[in-house]
């Protein structure tokens, strides 16, 4: 199916000087797609050439459109010698192939050279005409939408979630081809960049084909990774979740958002009997029938959750985890899922009703020796490896009585010829609503309503982080369903302690819950969450080949076990009982293994309160020793108490009831056995259980444990005003402002001391991470109160004795004053405060004052919600509380916006005054030249690793951004050393991402991530090289206040639209 | 164990005003860390020296990367590498182009050449401003000078346009450029009591009244050069001192007007011929570039010092100059009213400014 790609080269600016003699450049441009190349004329002697070329037209197959990038090369014309390349721009035209994404690429894009970095910018226009947009292609999959976001994208609803899609493509790495010895570094880098662009395109196309086969139209949670295997090749692999998405039309969502937002909370208030039954389906449409049916299914499976932490080395099997447990014959959903090869989902947050019960984390690793890939077209070995791992995950999930795995991800760590493949996810039981082949019995009612439900769901999700969540804690239903265990109470797959759910008291829940997903929006929590990290270093002997692989696989279980122990201890130390977003990374180097587990700890109201930590000495012989122990015990108790205060983990009220509950006090504690020392090599001796034991006891009979406790207590507390988490949004904080700051930080540590013990290494590694966090808190101190969200640590061992930690996260400020509990009251207060401020600073106090002075401010709100078509007028009274609070917060947002604009406006006026002000003595002269920068200021592009922007609504997804860059230097010292080099490179990558998003017409990147940052240096040769791979979703967002201005507050609409430039 | 590499890059470039100032002042990273520690930031933010060092290094690197953009401020707003909010951009530019009065006094009127740059270590030692900072300030002067030198049109506006400087700073730079291009002597001991702002004020007066652009804004000429024609015409004023009758007449007119209005009338009367001769001689000599350089020293030596030794107050000076200027117009045989007004207007405001 052919298509026509059109490109026009408009102009260049800030070009480098290529001709030393004239200090100018004779630039021209080559535009290449596939094997066709066009050239512009030479624009002589200018650093700001205006080519204004004709439209270059490429008539190509749409398979090529998907695979190939448009390649733009800027060159300097030279009469006597070869033309010098200035740099290149690769444009991924995939976003143009989908009718719902971008329609044109137009804007200034940085010209990039792998040796010199960004060298000026070029203004281009790119369009695509697809001749036949029918669904009958074989080779191509144009029109399938891709999202990095791991939830249903904000302006879509899921009609169907089809399931797991995966693909990998393999090629030889140009860097390791023989020809590399004779070509320049630049040529090698460019070959590599181009190849990876091609492979990514091909991969995406192939995944798209699979999606079409399944009947879907989109991939959500698309995760693409590179394995730079070195000699053996280059693997690009991707996983994702195929879905059928339906766009929610922007107009209706804009106008109806508010009334529907307020309805759920309202409902809850009105009908308390609905609260315990609805499973997070907070919607006006939730009928009693629905809740009954969901209860029915719950009743069938005796629920309560726990964790399973099945860490496997190579060849290690699930062993006791995969006990003789027969999967419960649960609803038909299961059979539907079982028909699939892998019932995996890369999503981490879900529409309500999708997730029924959570089992625990499932995890599989395997150590492989890399061998040459003989036939790149049939990458059988790599496929087989992953298949193995996925099967294992599937088994683990089954062992937990679960039929699906969510929050699923895969990763690798490569050192020389050894490769660790890892996969992890959360075993769950899913509701059938979004499943294919939905069953037609009890759940039928549910499955017939998905559209209605998902509409509500999208709203709720879409507005998280804004005012919508106001009053959440007050009115939300218990939201404990997902905590109930999915497995059989009598046949627990691993020793765990079950209690009756603390919310509904009906079903069993485990004592702790570990998951890889985000906290479900409907979940009931107490207090706030926090980042919890377990860090571990293990030395390993240098070895080759199989011996090495065996040594590593022997070490892995210990590593996982200790990470787990640490996580558990730290969780208890914070008085919390559940982990979300758990991500365990194991990195392999020549002489050590690094393990880093990050998660966000929370206190789930449904789960029992965690017991304390008790220290026991084995041989309490002398008094000083006793003293020492009691000192430590005291310290620990103090820390727990302090943490409870910091995170506002107040024991819930029904704790008193617990005393009367059948669970005896001592059994609330669990015992922790330390692993034997490293010499122990018998894996089966490991006791992964905690539940059997009576108390959670740390025995400090060996030095290791002392170290452990020490490590436990040395975690630096977050400074006041800061919170941190690695999930999308901090549980327990709702009133975000729109101020965000995304950042990437990289640190490399050299371990000079060759003979470090495990403890020494641990300490260093732990300090490295802690210091990094401290640095963030310091740097972002101006944003307080704020939360570092989606803290994503990536560790690597680039060389012997080097540890690299890369972090990408976003800092988001929130309003402290606006408390949620009494949204209305404080809302009123803030409103008044805002107005007084308003009087002082702003000119349009009139309209707001008028509103305030109206005797009943609620009446105006009511009127407005009626205007916006709400059918809730009968119950409008209670609606008003939340919607009024909503409005208050949005007013404040608006005021802030206005204030900002006015401030800017006044700056503008003064500057124009400056310009116009006649010189003394009335000597006026006309300006003979316009300011050279006028009108060309750069549009602001926000970046965030989250799938949402606080205080804003995403109105359009423009396509996926997936970019790969290589930068190399042979003048490391001159570029400011390794730090200077990398600093520039990361800034350049940001700049290129922003420019491409702006060219697509977007103003933000969401779900941004830096998936690869491979840094290599050779200071002796004054050289360094770095590879970075980033991805995200380009979007257009609109400030919520602006939306409201048009839909809810028509009177201020004019002000808002005239100020609409804010987003740019 | 050592940190080999340490970077932090924000989507919106984070720049700390305080660190930026330290960087501008020429502090090394370790000195800057010391200053910050002494400022008590560690207690405030629960940081430690390590964190502070890492942050300072990062900021310094960012500033270094930004510096080349700051050399062409217009580029800062349309570059893509750093996402900096407009108010931050303005702050960066303003602070980068800000200078120390002590420093500028040292180089004001000097040729902005390599030779002067070489002597900056002396300037640094004398003023206590770090050499790095001196170099930046000097380079700023030179850069502005180079760009504006070639441009036509009003000097202040050209500077403001090209360097996006706020009003006052733009005027100051205009003064610096003007002084550098006319090489006014400002370093003599007798001129030491004058501040940069005194000179800047005078420069403003000269630019606005004595340059080519001052009379004809259609002329595509520069503000940097004094109006040659005017300087030529100034020679005609000599008649005021060469013509004995005119001189006496002028004196009696001024004295009549001044009588009883000041405590130093006698001194004024006694000195009238001397002072008048000085002022007219300064005017007549301005046609020679060398004498232009000595303009300020002449004013101080020939006019201000005599007045000062006679203990005139600045009110007295004002009074005297007003009548001195106005009376000339009443003289029958004096024809050069235009030139006289143009000359004395500037002289009067300059003298009043520097008489302290």
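The values are calculated or read from the model by the stated rules, or taken from the named source; none is laboratory data. In this text the structure is predicted, and so the values were computed from the model without any measurement. Neighbour counts run over all protein chains shown; Cβ positions are idealised from the backbone, glycine included.
Here are some notes:
- Annotation note: Cβ proximity below 6 Å between a residue of the range B:39-52 that is at the interface with chain A (Cβ under 9 Å from one of its Cβ atoms) and a residue that is surrounded by 17 or more Cβ atoms within 10 Å (Cβ to Cβ) and not in a loop (DSSP other than H, G, I, E, B) (sequence gap 6+ or interchain) occurs for B:45/A:778; B:45/A:781; B:47/A:778; B:51/A:774; B:51/A:775; B:51/A:778; B:52/B:33; B:52/B:36.
- None of A:409, A:432, A:413 is buried (at least 22 other Cβ atoms within 10 Å of the Cβ), modelled with pLDDT of 90 or more and not in a helix (DSSP H, G or I) except A:413.
Residue-by-condition table, conditions (1) part of a strand (DSSP E or B); (2) at the interface with another protein chain (Cβ under 9 Å from one of its Cβ atoms); (3) over 30 Å from residue A:801 (Cβ atoms):
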{"residue": "A:982", "(1), (2), (3)": "no, yes, no"}
{"residue": "A:1001", "(1), (2), (3)": "no, no, yes"}
{"residue": "A:1017", "(1), (2), (3)": "yes, yes, no"}
{"residue": "A:1024", "(1), (2), (3)": "yes, no, no"}
{"residue": "A:1028", "(1), (2), (3)": "yes, no, no"}
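- Residues in the range A:934-969 that are within 14 Å of chain B (Cβ to nearest Cβ), in a loop (DSSP other than H, G, I, E, B) and touching a helix residue (DSSP H, G or I) at 6+ places or on another chain (Cβ under 7 Å): A:936, A:937, A:938, A:939, A:941.
- The set of residues in the range A:31-56 that are in a strand (DSSP E or B) and free of Cβ contacts under 8 Å to residues at least 40 places away in the same chain comprises A:33, A:36, A:37, A:38, A:39, A:43.
- Residue match in the range B:184-195 (condition: within 12 Å of chain A (Cβ to nearest Cβ), touching a residue at least 24 places away in the same chain (Cβ under 8 Å) and under 23 Å from residue B:113 (Cα atoms)): no
- Annotation: residue B:79 fulfils all but one of (1) facing another protein chain (nearest Cβ under 8 Å); (2) in contact (Cβ under 8 Å) with a residue 12 or more places away in the chain; the unmet one is (2).
- Unmet requirement for residue B:21, which otherwise passes all of (1) surrounded by fewer than 16 Cβ atoms within 10 Å (Cβ to Cβ); (2) at the interface with chain A (Cβ under 7 Å from one of its Cβ atoms): (2)
- Those residues of the range A:731-759 which are in contact with a helix residue (DSSP H, G or I) (Cβ under 8 Å, 6 or more places away or on another chain), away from chain B (no Cβ under 11 Å) and modelled with pLDDT of 85 or more, in sequence order: A:737, A:738
- Residue within the range A:134-145 that is surrounded by 23 or more Cβ atoms within 10 Å (Cβ to Cβ), modelled with pLDDT of 85 or more and either in contact with a strand residue (DSSP E or B) (Cβ under 7 Å, 6 or more places away or on another chain) or more than 14 Å from chain B (Cβ to nearest Cβ) (or both) present: yes
- When residue B:213 is tested against (1) assigned to a helix (DSSP H, G or I); (2) modelled with pLDDT of 85 or more; (3) within 14 Å of another protein chain (Cβ to nearest Cβ), exactly one condition is not met: (2).
- Just so you know, in the range A:81-97 the residues that are part of a loop (DSSP other than H, G, I, E, B) and surrounded by fewer than 22 Cβ atoms within 10 Å (Cβ to Cβ) include one that is nearest to the other protein chains (Cβ to nearest Cβ), and it is A:83.
- When residues in the range B:60-76 are screened for being surrounded by 20 or more Cβ atoms within 10 Å (Cβ to Cβ) and at the interface with another protein chain (Cβ under 7 Å from one of its Cβ atoms), 1 of them pass.
- Only residues that are crowded, with 22+ Cβ neighbours inside 10 Å and in a helix (DSSP H, G or I) were counted in the range B:172-193, giving 9.
- Number of the condition not met by residue A:15 [criteria: (1) in contact with a helix residue (DSSP H, G or I) (Cβ under 7 Å, 6 or more places away or on another chain); (2) not in a strand (DSSP E or B)]: (1)
- Restricted to the range B:228-241, and to residues there that are under 26 Å from the mean Cα position of the chain (by Cα) and surrounded by fewer than 20 Cβ atoms within 10 Å (Cβ to Cβ), the residue that is modelled with the highest pLDDT is B:232.
- Looking at B:92, B:112, B:151, just one residue is farther than 26 Å from residue B:205 by Cα and either within 14 Å of another protein chain (Cβ to nearest Cβ) or in contact with a helix residue (DSSP H, G or I) (Cβ under 8 Å, 6 or more places away or on another chain) (or both), and that residue is B:92.
- Among the residues of the range A:970-980, those identified as touching a residue at least 40 places away in the same chain (Cβ under 8 Å), more than 9 Å from chain B (Cβ to nearest Cβ) and either within 30 Å of residue A:107 (Cα to Cα) or touching a strand residue (DSSP E or B) at 6+ places or on another chain (Cβ under 8 Å) (or both) are A:970, A:972.
- Only a single criterion out of (1) modelled with pLDDT under 90; (2) away from chain B (no Cβ under 14 Å); (3) assigned to a strand (DSSP E or B) is not satisfied by residue A:787, namely (1).
- Of the helices (runs of 4 or more DSSP H) lying entirely inside the range B:242-356, those containing at least 1 residues that are over 23 Å from residue B:201 (Cα atoms) span B:244-258, B:265-285, B:305-309, B:314-330, B:337-354.
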